1. Look at residue 113 and say whether it is in a strand (DSSP E or B) and not small (Gly, Ala, Ser).
2. Before we move on, is residue 99 closer than 20 Å to residue 31 by Cα, within 16 Å of the ligand (Cβ to nearest atom) and within 19 Å of the chain's Cα centre (by Cα)?
3. Here are 163, 140: which of them is surrounded by fewer than 16 Cβ atoms within 10 Å (Cβ to Cβ), assigned to a helix (DSSP H, G or I) and on the phi < 0 side of the Ramachandran plot?
4. Could you please find all residues in region 177-196 being within 16 Å of the ligand (Cβ to nearest atom) and assigned to a loop (DSSP other than H, G, I, E, B)?
5. Quick check: anything in region 174-194 touching a strand residue (DSSP E or B) at 6+ places or on another chain (Cβ under 9 Å), more than 25 Å from residue 30 (Cβ to Cβ) and of a type in the set (D, E, K, R)?
6. Return the residue satisfying two criteria in turn: it lies in region 198-219 and is assigned to a loop (DSSP other than H, G, I, E, B) and touching a Lys or Arg at 6+ places or on another chain (Cβ under 8 Å), and of such residues it is surrounded by the most Cβ atoms within 10 Å (Cβ to Cβ).
7. Looking only at region 41-89, filter to residues that are outside any helix (DSSP H, G or I) and within 16 Å of the ligand (Cβ to nearest atom); which one of those is farthest from residue 276 (Cα to Cα)?
8. Could you give every pair whose Cβ atoms fall below 8 Å, whose first residue belongs to region 202-228 and is on the phi > 0 side of the Ramachandran plot, and whose second residue is surrounded by fewer than 18 Cβ atoms within 10 Å (Cβ to Cβ), counting only separations of at least 6 or pairs across chains?
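Read-outs throughout are calculated quantities, based only on the coordinates presented, and are distinct from any laboratory measurement. Treat the numbers as computed from the prediction; the structure is a model and nothing was measured. Quick reminder, even Gly has a Cβ in these numbers, built from the backbone with ideal geometry, and neighbours come from all protein chains shown.
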Amino acid sequence: MERPTVPPDYDYLKKEIHRLGKFPFAFTGSIGCSVCNRQIFSFSVGAVKERVLFAGAFHGMEWITTLILLRFANRLCQALQDNTKIAGEDPAPLLKKRGLCIIPCVNPDGVAIQLNCPEKRWQANARGVDINHNFNAGWCELRQLEIESGITGPGPTRYGGPCPESEPETAAMTQLCRQNCFCQALAFHSQGEVIFYDFGKNTPPCSLEMAQILADASGYQVSAPEGLAVGGGFKDWFIDCLRRPAFTIEVGLGENPLPIEQFEPIYQQLEPMLMRALRL
Ligand SMILES: [Zn+2]
């Protein structure tokens, strides 16, 4: 994978997935379609019995997370092919024990809207529903907070939809998680250099310690979300419904969308954490 110089539009994403699929030990596919019929692509490598899930670009302006996940997938494939290490670790034995599934772009329509019309500052899907407010975890409480903040219908950000899981992108993610055994999930957003780990009473006791390990590997801070950042999110649903650890990783610092020039330093800082997440 060459150093990206432009944001990842849908053609770029398709091309990269196709290229990753040529590695003999990698599996690529689609977990479903967006509102506008774009594929929600997946990449898998290693064991299937137990796997870790990484997912990015839930939000249109956060396409830098797609680039991060594609780069990591590419680095893993290269390392497996050449028998080399990443961040001082050999990925082959790690992945033999526990595989990895990556969804580099959960919201391809939102990314397309943002790239075509940057002035819209678009986070939601094509129907104006914020995917990360649409999961069935504290959805009603979040809906109330949205209304109190003046968010009453479809728009660029933070509208949770008519009901939980009303959107095909949300349903594709929950179906994927119900059909596979993911021991933990990392959801990538931008920005803030923080790691969120908890959601209510079903948060596994080990989650805080795991978040601290991820923080130590990246220099990010462990934090607790507040207000409209609580509930409705993928990590919240994963914790609440599956009762396994899940984390939101807010990559980079600055204003969304983070500029493409930030990609390389953000990736370099994150790579040890991505490797560490495989053996938490
Ligand atoms: Zn986000």
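1. Against the criterion (in a strand (DSSP E or B) and not small (Gly, Ala, Ser)), residue 113 does not qualify.
2. no
3. 140
4. Correct list: 191, 192, 193.
5. So far as region 174-194 goes, yes, one or more of its residues are touching a strand residue (DSSP E or B) at 6+ places or on another chain (Cβ under 9 Å), more than 25 Å from residue 30 (Cβ to Cβ) and of a type in the set (D, E, K, R).
6. Among those that are assigned to a loop (DSSP other than H, G, I, E, B) and touching a Lys or Arg at 6+ places or on another chain (Cβ under 8 Å), it is 199.
7. The extreme case among them is 59.
8. Correct list of pairs: 219/269.
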